[in-house]
1. Out of 45, 72, 55, 85, I need the residue that is under 27 Å from residue 4 (Cα atoms) and either in contact with a helix residue (DSSP H, G or I) (Cβ under 8 Å, 6 or more places away or on another chain) or part of a helix (DSSP H, G or I) (or both). Which one?
2. Looking only at residues in the stretch 100-129 that are free of Cβ contacts under 8 Å to residues at least 12 places away in the same chain and not in a helix (DSSP H, G or I), which one is nearest to the ligand (Cβ to nearest atom)?
3. So which pairs qualify, if the first residue must be in the stretch 173-192 and assigned by TED's automatic domain parsing to the domain that holds residue 112 and on the phi > 0 side of the Ramachandran plot, the second must be surrounded by fewer than 20 Cβ atoms within 10 Å (Cβ to Cβ) and modelled with pLDDT of 95 or more, the Cβ gap must be under 6 Å, and the two must be at least 6 apart or on different chains?
4. Which of (1) at pLDDT below 95; (2) in contact with a helix residue (DSSP H, G or I) (Cβ under 8 Å, 6 or more places away or on another chain) does residue 252 not meet, given it meets every other one?
5. Going by the structure shown, is residue 248 out of contact with any strand residue (DSSP E or B) (no Cβ under 7 Å at 6 or more places or on another chain), within 16 Å of the ligand (Cβ to nearest atom), in contact (Cβ under 8 Å) with a residue 12 or more places away in the chain and outside the structural domain of residue 137 (by TED's automatic domain parsing)?
6. Of the numbered conditions (1) surrounded by 24 or more Cβ atoms within 10 Å (Cβ to Cβ); (2) under 18 Å from the mean Cα position of the chain (by Cα), residue 153 satisfies every one except a single condition; which is it?
7. On the given criteria, is residue 220 touching a residue at least 60 places away in the same chain (Cβ under 8 Å) and within 13 Å of the ligand (Cβ to nearest atom)?
Ligand code: NAP
């Protein structure tokens with residue numbers, strides 16, 4: 001008897017911009033799995049009902065994006081360690097009939113650096129620019145990999161302080177203006193602010209004063225090479241763009257829903273780069 005095709009989704013509001021259907025569609029085709037992955041636009045008022053009806057509608061699980069990540073956190077019956085640490089859920093699946101919420105952004109961040117800058121976690125102290133949702137995933141990943149000193153700088157100091165409090169000892173909070181004094185001693189610089197996106201040419205900090213072994217990464221991936229990464233590359237530092245984080249964060253969900261662990265291949269990256277308009 002033929003197995004029923006498994007269904008997965010990405011839910012958000014709006015959702016048309018999401019690259020997730022292209023990523024998962026590539027893996028389904030490549031692995032010859034008769035499943036589907038669809039984008040679903042659900043308004044906040046309807047999200048709880050959407051989640052309640054997941055199993056009845058034949059979904060094995062899916063991804064959750066803006067603005068539903070906190071609601072998914074509250075609705076999940078069980079949560080993984082990363083979701084608990086980060087305070088948001090971006091992946092849902094079922095275990096023994098119970099809805100589990102996970103967060104794969106920290107995995108995506110670390111796996112991207114593992115692939116493109118092996119040994120990165122030995123480069124602490126780390127300087128994190130920004131204190132939004134993505135910064136939480138980055139801090140969790142850095143802590144999991146044993147980076148014991150992390151400086152968080154943010155335009156709104158209170159948000160950085162909130163993260164320092166949340167993630168505990170080793171994390172310090174500072175205003176954005178304090179970044180230049182930390183740069184010479186930091187071997188890892190991570191931009192999690194939206195500065196540098198979509199033709200915004202502002203460089204949040206000047207990486208040229210960082211040590212020679214420093215790794216600079218930006219989680220913004222439109223454009224692929226942000227002004228910060230361009231400045232770091234010009235200085236001769238190792239740079240890693242943010243697209244790999246997006247690709248790698250998709251891996252654990254696919255494995256949960258479809259039972260196979262997919263690969264982040266150069267071909268997949270090229271497909272998404274083309275979809276982004278050649279990386280510009
Ligand atoms: P968020 O929660 O809205 O946080 C935005 C951060 O950017 C805050 O720290 C904010 O500072 C700062 N910021 C915004 N405009 C600024 C400006 N003009 N000057 C200085 N700081 C500014 O957003 P998020 O969810 O963390 O996402 C941040 C970025 O990461 C987005 O571009 C998103 O697309 C990207 N992202 C990429 C991936 C990936 O897979 N590569 C994953 C997640 C997110 P304040 O606190 O002062 O407002």
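1. Numbers: 45 fails: under 27 Å from residue 4 (Cα atoms); 55 fails: either in contact with a helix residue (DSSP H, G or I) (Cβ under 8 Å, 6 or more places away or on another chain) or part of a helix (DSSP H, G or I) (or both); 85 fails: under 27 Å from residue 4 (Cα atoms).
After applying the criteria, what remains is 72.
2. Here the residue is 118.
3. none
4. Of (1) at pLDDT below 95; (2) in contact with a helix residue (DSSP H, G or I) (Cβ under 8 Å, 6 or more places away or on another chain), only one is false for residue 252: (1).
5. Details: out of contact with any strand residue (DSSP E or B) (no Cβ under 7 Å at 6 or more places or on another chain): yes; within 16 Å of the ligand (Cβ to nearest atom): yes; in contact (Cβ under 8 Å) with a residue 12 or more places away in the chain: yes; outside the structural domain of residue 137 (by TED's automatic domain parsing): yes.
Taking the combined requirement at face value, the residue satisfies it.
6. (2)
7. Values: touching a residue at least 60 places away in the same chain (Cβ under 8 Å): no; within 13 Å of the ligand (Cβ to nearest atom): yes.
No.
A quick yes/no check of all residues on (1) closer than 30 Å to residue 58 by Cα; (2) at pLDDT 95 or above:
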residue	(1), (2)
103	yes, yes
109	no, yes
112	no, yes
117	no, yes
121	no, yes
124	no, no
127	no, yes
130	no, yes
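The values are calculated or read from the model by the stated rules, or taken from the named source; none is laboratory data. Since the structure is predicted, the reported quantities are computational estimates derived from the model, not experimental observations. Glycine also receives a Cβ, built like all others from the backbone with ideal geometry; neighbour counts cover every protein chain displayed.
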